[in-house]
Structure formats: C-alpha cells, structure tokens
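Inspection log for the structure reproduced underneath, given as structure tokens.
The values are calculated or read from the model by the stated rules, or taken from the named source; none is laboratory data. All of these numbers come straight from a predicted model, not from anything done at the bench. Because the Cβ atoms are built from the backbone with ideal geometry, glycine has one as well, and the counts that use them run over all protein chains shown. The accessibility values were calculated without ligands, DNA or RNA, using every heavy atom of the protein model including side chains. Shrake-Rupley method; radii C 1.70, N 1.55, O 1.52, S 1.80 Å.
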Amino acid sequence: MVNQRYARHIGIVQQLRSKSWVSATALATRFDVSVRTIYRDIEELNTAGLPIESVAGREGGYRLSAESPVDPLIMDADDVLRLYVLGLIDNGDEAITDPGLLQAGGVSAYARDTLRKIGQRIYFDTRDWYWQDEGSGHVPAIRYALLTSTAIEITVRVKRSQAAQTITVKPYGLVWKGGEWWLVAAPTRGEPRRYRLNLIDRLNRTDLTFTHPGDAFDLREWWTQDLEDYGRGSTRVALQVQPSARDEMLRLGLKPDSEVHHEPDGTARIILYVDNWQWLVPLVASFGADVAAEEPAGLRQALRHHHQRALVVYGREDSTDTDPSYLHDDSRLRATRGRNPRSSR
C-alpha cells in the first residue's frame with residue numbers, strides 16, 4: 001500500500017526547494033491536508049535532520065536552509081540515512097516508485113528519476129548481522145558513479161592477507177548493512193560481486209560509461225541471495241550443543257540446508273554445510289564446553305589446539321566456578337556485535 005505521508009514529505013521538500021518561503025497554509029492547500037498536519041510534517045522532517053528554517057508572521061513560512069541545500073546528487077551518507085529513516089528510499093515502499101503519486105506531490109521529473117534510481121541502487125539491509133562504526137569516505141564518489149552509470153577503478157585489500165588488487169568495475173548498487181556500506185559491482189568482464197567499502201583503499205572515476213541493467217537487476221534480491229550463498233559448501237559440520245547455548249546458537253541464523261535435531265534432554269545437534277570449516281573455529285571456541293564439534297576431524301583438532309593454548313596461557317588453573325552467569329545471557333552477542341540484539345529489534 002502506498003504511504004501517502006511519505007509521498008507528501010517528498011512533495012513538501014520539493015516545494016521548499018523551489019521557493020524562498022512557503023507558508024503552512026499554502027502547503028496545506030497544495031496537498032489537501034490541514035495546517036496542523038503540515039506542522040507535524042515539518043516537525044518530522046526537522047527531527048530527521050533536514051535543514052528547514054521557519055519564520056512566524058504573514059511574510060514568513062518555511063524554507064530549506066540556504067547554507068545546506070538538499071540536492072539528490074550531492075547527498076552524503078547522513079542524508080541518505082535521513083531519507084531512509086523517513087521511509088523515502090525503503091525499497092519495500094511504493095511511494096518512491098509510483099510516478100503518478102510523486103508527480104501529484106509536486107516532485108519534478110528530474111527528482112522523480114533520481115529517486116527511482118536511488119530506490120533501485122541503494123538498499124538498506126537492517127537484519128542483524130554485525131555492527132561496525134567505520135567510514136570509508138567513498139560514498140559520494142560511488143553515488144555519483146551509480147547515478148551517472150560511470151565505471152570506477154578500485155584498489156581492494158583482501159581482508160586476511162592485506163594484499164591489494166586494482167580492478168575496474170561497473171557499480172550496480174550500494175547496500176547499507178549492519179553499520180557500514182557495501183558496493184555491489186561487476187568487473188568489466190564478470191558477474192556482480194560485493195566489496196566492503198572499508199577495504200577499498202583507492203577509488204578513481206574513469207571515462208568509461210555503461211548501461212545499468214535497471215529493472216533487470218534487483219539489488220535486494222541479488223544481495224539476499226548472495227548472503228544466502230556465502231559460506232555454503234559441501235563440507236559437513238556436526239555440532240553438539242548444550243541446553244545453555246542452544247537458544248543463542250539458533251539465533252545466529254542458519255542456512256536453509258542446515259539441520260537442527262532437538263534431543264529429549266534439551267541438547268541439540270546442528271548440521272551445517274560449509275565451504276570451509278576454518279571460519280567456525282572462533283565461533284565454536286567462544287562457547288567453551290557448551291558447543292562441541294563432532295565432525296569433521298580437522299575442526300575438532302583445531303578446537304582442541306585452540307583450547308590447549310588457552311590453558312597454557314592461564315596456567316591450567318582449575319576453577320570452582322563451573323557455571324558462570326555470563327554463559328546464560330547474550331554477553332557474547334553484545335561483545336561481538338557492539339549492541340544488545342534484543343534492543344535493536
């Protein structure tokens with residue numbers, strides 16, 4: 001269902017962009033609502049951080065601050081987030097994709113086209129994964145390349161080895177996920193991939209333009225499928241999970257081909273199919289004795305070695321505290337994800 005309030009917000013911003021001052025009465029007449037509704041709209045836009053000035057009196061009204069104009073082509077990441085908070089670029093809302101509604105709201109053809117492109121090419125994935133407050137500074141250049149269909153040259157670090165490679169890619173979209181930006185782009189010859197902006201050391205615009213696939217490339221659908229495929233493989237992993245860790249393990253998010261077998265004693269046996277088991281070592285080790293790997297043998301051996309090294313560091317001291325309270329809350333998730341997952345839902 002189209003959200004009329006969100007569409008009206010777009011129209012109000014367009015009215016304020018095109019005129020020096022606009023009264024609440026004029027806006028109410030333009031959008032066929034009450035003056036009180038306009039007051040609420042302006043308050044919501046101000047709360048979201050849009051720079052709207054107001055002056056009381058017959059000659060007053062509202063206008064966008066001259067010191068901070070809102071231009072779709074020069075929005076920074078904060079501006080994009082403000083629009084997301086307002087619901088204007090949430091791909092699930094029809095307000096941004098209904099040309100008739102936007103036109104009726106006073107949105108220019110140029111702005112309608114820009115908003116359509118933003119809806120196609122910028123996607124916010126708000127499902128819990130992890131949280132990192134880092135900035136790359138590349139968003140403005142990538143946004144320009146996205147809206148003008150210009151290829152870019154990027155130098156990307158391989159996360160584990162810190163080696164770098166320079167490639168030319170065609171940007172298809174930006175995704176906001178868990179506190180940071182990801183670039184979805186295709187090499188000049190190849191299929192789309194995702195690149196974490198914080199691992200891009202250098203980014204340069206090129207003179208090469210390309211035809212963006214537009215509606216033929218669904219950014220949300222591609223991103224969801226890519227995450228679904230990430231880490232999946234043919235290596236079978238079996239984990240024995242004690243009752244104290246069962247709920248937390250099941251909250252981590254399993255693939256469709258994973259298996260969960262619940263036992264009468266409250267334990268659970270989780271079967272995963274992964275591309276390699278190495279990335280599971282720190283996860284399983286963080287649960288201590290509450291999660292044990294049954295197979296493959298390499299994972300069991302790596303975990304045994306991990307815990308043996310820890311015992312050496314701590315002097316193999318026996319502890320009388322065999323049931324610490326932190327094993328039964330979400331401390332691990334708060335430590336690894338930077339926030340309480342329950343409070344973010």
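Keeping all protein chains in position, work out how much accessible area Leu283 exposes to a 1.4 Å probe, and write it in Å² to the nearest 10.
Its accessible surface works out to 50 Å², give or take rounding.
Given 0.36 nm per residue, what is the gain on full extension from Ala216 to Gln301 after removing their alpha carbon distance, in nm?
Extra length from Ala216 to Gln301 when fully extended: 25.9 nm.
Could you state how much accessible area Phe31 has, in square angstrom rounded to the nearest 10, with a 1.4 Å probe and all protein chains kept in place?
30
Roughly how much of Thr25 is accessible, in Å² to the nearest 10, using a 1.4 Å probe?
We get 90 Å² for Thr25.
Tell me the carbon and sulfur percent of the accessible area for region 189-288, rounded to whole percent, probe radius 1.4 Å.
Summing carbon and sulfur atoms, their accessible area is 46 percent of the total for region 189-288.
Ignoring ligands, DNA and RNA, how do Lys177, Lys170 rank by accessible area with a 1.4 Å probe, largest first?
These residues rank, largest area first, as Lys170, Lys177.
So if each residue of separation counts as 0.36 nm, and I subtract the Cα-Cα distance between Val260 and Arg189, what length gain in nm does that give?
Length gained between Val260 and Arg189: 21.5 nm.
For Ser244, Ser20, give me the order by solvent-accessible area with a 1.4 Å probe, most accessible first, ignoring ligands, DNA and RNA.
Ser20, Ser244
Write out the trypsin sites (Lys or Arg not before Pro) in region 249-320 meeting two conditions: DSSP loop, and at most 14 other Cβ atoms within 10 Å of their Cβ.
Numbers: sites: Arg251, Arg269, Arg300, Arg304, Arg309, Arg316; in loops: Arg251, Arg316.
Passing both the DSSP loop test and the Cβ count: Arg251, Arg316.
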